[in-house]
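Here is the structure we will look at.
The values are calculated or read from the model by the stated rules, or taken from the named source; none is laboratory data. Predicted model only: the values in this text are computed from it and were never measured. Note that each Cβ is placed from the backbone with ideal geometry, even for glycine, and that neighbours are counted across all protein chains shown. All accessible areas refer to the heavy atoms of the entire protein, side chains included, with ligands and DNA or RNA removed. Shrake-Rupley method; radii C 1.70, N 1.55, O 1.52, S 1.80 Å.
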Amino acid sequence: MNLQPWEELTSPMTPTDKFFQVGHYNKPVIDEKDWSLQVAGLVKRPLGLSLAALKSRPTQEVVFTLECSGNHGFPWFTSGIGTATWRGAGLASVLKDAGIQDKGVEVVFYGSDAGEEEVRNIKTTQNFARSMSVADAMSPNNILCYEMNGAALPPGHGFPLRLIAPGWYGIANVKWLKRIEVLNTRHMGRFMARDYVTLREEQRGSEKVWTETSVGRALLKSVPGKVTRLDGQYRVVGAAWGAPIERVEVQIDGGPWMPATIDRSRRPEFAWRIWTFDWKNAAPGEHVITSRAVDRQGNVQPSMEDARIAGKRTYWESNGQVSRRVRLA
């Protein structure tokens, strides 16, 4: 797989063969004939659904920008993001058919991929799993997805079925989905409680305290993607996502923040917005370009010096302002 560099971004949509993949255990090879989705736990009517049965249900489709929560957490990892059209059956309708019992509080999504885990010298083989509250799982936006960009899910993206949870980081969008289980307590597996946890030092009055939170919903972010020459001048092209975007601002070499132009011809709720900034009177030499997004609630993408970013000790949820160095001839 060759990831799509920002410099090659020519369309809001990401080709499937350029879309990033992240795995945590093995990559299972699944025969559709032998596969079914089990819905169990604290439900009134346990279900077993074949892929054909899921395809016979009413379909949902969403254009969704999926980002790895480790994207930009390392200097070399900057293409862990892509936008695709995802299609499948609504998760909420399946859960309604199963009938969640009143004491059910958490919904766990299990993938077919598995690996060895060790907790206090006890070794077990476990399937990848992530969970969310019943209220979050019942969002009408969630899809039991079997198509990506108009074709069947490729094996690396979760064939035959994956969860698509628009607005959440990639880790929540479980691939190779095989079982959904409703619990009466929180699920505390590796990828909820021990990994994909953001560790942050915070100042509370005169005291410093540490907080640990599980990676969940995507955060407000923008990136200056590339610089192109246009009619003797330069144009900066980038993207903003993670929340409904109100505006994007660009800063050159630490100067004043200047407004970018957002492409508002497409208004998908969960997809990134492409923006441009016409850089006038750009001088030859090396420059630093920084962008920041502002959402409709007035929240501003934090700087790298902001306490929310500076106090963070893990690389997950790295949504601080991104700067790019360019050299103009």
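Which residue out of G111, G115 is touching a Ser or Thr at 6+ places or on another chain (Cβ under 8 Å), in a strand (DSSP E or B) and either of a type outside the set (S, T, Y) or surrounded by fewer than 22 Cβ atoms within 10 Å (Cβ to Cβ) (or both)?
On the way: G111 fails: touching a Ser or Thr at 6+ places or on another chain (Cβ under 8 Å).
Matching residue, one of G111, G115: G115.
Has region 236-245 got at least one residue that is farther than 19 Å from G70 by Cα and either in contact with a helix residue (DSSP H, G or I) (Cβ under 7 Å, 6 or more places away or on another chain) or among the polar types (S, T, N, Q) (or both)?
no
Among (1) touching a Pro at 6+ places or on another chain (Cβ under 8 Å); (2) within 30 Å of Q203 (Cα to Cα); (3) of a type outside the set (D, E), where does G238 come up short?
(2) is the only condition that G238 fails.
Yes or no: M132 open to solvent by 40 Å² or more (accessible area, probe 1.4 Å), touching a helix residue (DSSP H, G or I) at 6+ places or on another chain (Cβ under 9 Å) and not in a helix (DSSP H, G or I)?
no
Could you list, in sequence order, all residues of region 185-204 that are part of a loop (DSSP other than H, G, I, E, B) and either hydroxyl-bearing (S, T, Y) or buried (at least 17 other Cβ atoms within 10 Å of the Cβ) (or both)?
Matches in region 185-204: T185, H187, G189, Y196.
Within region 293-311, restricting attention to residues that are farther than 29 Å from R229 by Cβ and assigned to a strand (DSSP E or B), which residue is most open to solvent (accessible area, probe 1.4 Å)?
Top of the filtered list is V300.
For region 205-232: of the residues being touching a helix residue (DSSP H, G or I) at 6+ places or on another chain (Cβ under 8 Å) and either of a type in the set (G, A, S) or part of a strand (DSSP E or B) (or both), which is surrounded by the fewest Cβ atoms within 10 Å (Cβ to Cβ)?
K226
Looking at (1) assigned to a loop (DSSP other than H, G, I, E, B); (2) open to solvent by 50 Å² or more (accessible area, probe 1.4 Å), can you tell me which one R235 breaks?
(1)
Quick one: what pairs do we get from region 145-156, first residue under 14 Å from V29 (Cβ atoms) and free of Cβ contacts under 8 Å to residues at least 24 places away in the same chain, second open to solvent by less than 60 Å² (accessible area, probe 1.4 Å) and among the hydrophobic types (A, V, I, L, M, F, W, C), C-beta under 6 Å, 6+ apart or different chains?
Cβ pairs passing all conditions: L153/F159.
Would you check if there is a residue in region 272-292 being under 19 Å from N71 (Cα atoms), open to solvent by 20 Å² or more (accessible area, probe 1.4 Å), in a loop (DSSP other than H, G, I, E, B) and β-branched (V, I, T)?
No, every residue in region 272-292 fails to be under 19 Å from N71 (Cα atoms), open to solvent by 20 Å² or more (accessible area, probe 1.4 Å), in a loop (DSSP other than H, G, I, E, B) and β-branched (V, I, T).
Can you list the strands (runs of 3 or more DSSP E) found entirely within region 1-93 that contain at least 1 residues being open to solvent by 70 Å² or more (accessible area, probe 1.4 Å), in contact with a Cys (Cβ under 8 Å, 6 or more places away or on another chain) and more than 20 Å from Y169 (Cβ to Cβ)?
Counting at least 1 such residues, we get 81-90.
Applying the selection to region 147-167, what residues are more than 18 Å from the chain's Cα centre (by Cα), assigned to a strand (DSSP E or B) and surrounded by 12 or more Cβ atoms within 10 Å (Cβ to Cβ)?
A152
Of the residues that make up region 261-271, is at least one open to solvent by less than 70 Å² (accessible area, probe 1.4 Å), out of contact with any Phe, Trp or Tyr (no Cβ under 6 Å at 6 or more places or on another chain) and assigned to a strand (DSSP E or B)?
no
Cβ-Cβ distance below 6 Å, separation of 6 or more or different chains: which pairs start in region 78-98 with a residue that is more than 15 Å from P140 (Cβ to Cβ) and end on one that is basic (K, R)?
Cβ pairs passing all conditions: A98/R45.
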